[in-house]
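J.: Take a look at this one; I'll ask things after.
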Amino acid sequence: MTGLILPGTLEFSLALAEIPPVPTWRKEAERTNGETYLICRAGSLGLMEAVDRQTWLEYCNDGELDERQDEIDAHDDALEGVIF
């Protein structure tokens, strides 16, 4: 039986302890001896991804970077004139 696990309960602490840590870009850079590149794919809503050099080159040269830039430009155009 599953149910709602509330913060502060023993079940919450146990569930939290079982979640593996999310690898960070720094850990990835250490693992790859500094050969880590960060990219942001189109449609990812700004979520960056750590990749190797070959994937980064493909991202830059195969048009994915241009797609992401078009997406950014469209968002900028939509916000033009908006005062925050």
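The values are calculated or read from the model by the stated rules, or taken from the named source; none is laboratory data. Note that the structure is predicted; figures quoted are calculated from it, not measured. Cβ sites come from the backbone with ideal geometry, for glycine too, and all protein chains shown count toward neighbours. Side chains are part of the model used for accessible areas, which takes the heavy atoms of the whole protein and leaves out ligands, DNA and RNA. Shrake-Rupley method; radii C 1.70, N 1.55, O 1.52, S 1.80 Å.
J.: In the range 1-51, which residues are assigned to a loop (DSSP other than H, G, I, E, B), open to solvent by less than 100 Å² (accessible area, probe 1.4 Å) and among the aliphatic types (A, V, I, L, M)?
T.: ILE5, LEU6, ALA42
J.: I'd like the residue in the range 52-84 that is in a loop (DSSP other than H, G, I, E, B) and not β-branched (Val, Ile, Thr) and, out of all such residues, is farthest from ARG31 (Cα to Cα).
T.: Among residues in the range 52-84 that are in a loop (DSSP other than H, G, I, E, B) and not β-branched (Val, Ile, Thr), the one farthest from ARG31 (Cα to Cα) is GLY81.
J.: Report, by residue number, each residue of the range 10-51 that is out of contact with any helix residue (DSSP H, G or I) (no Cβ under 6 Å at 6 or more places or on another chain), among the aromatic types (Phe, Trp, Tyr) and either modelled with pLDDT of 80 or more or more than 23 Å from GLU64 (Cα to Cα) (or both).
T.: Answer for the range 10-51, where residues must be out of contact with any helix residue (DSSP H, G or I) (no Cβ under 6 Å at 6 or more places or on another chain), among the aromatic types (Phe, Trp, Tyr) and either modelled with pLDDT of 80 or more or more than 23 Å from GLU64 (Cα to Cα) (or both): just PHE12.
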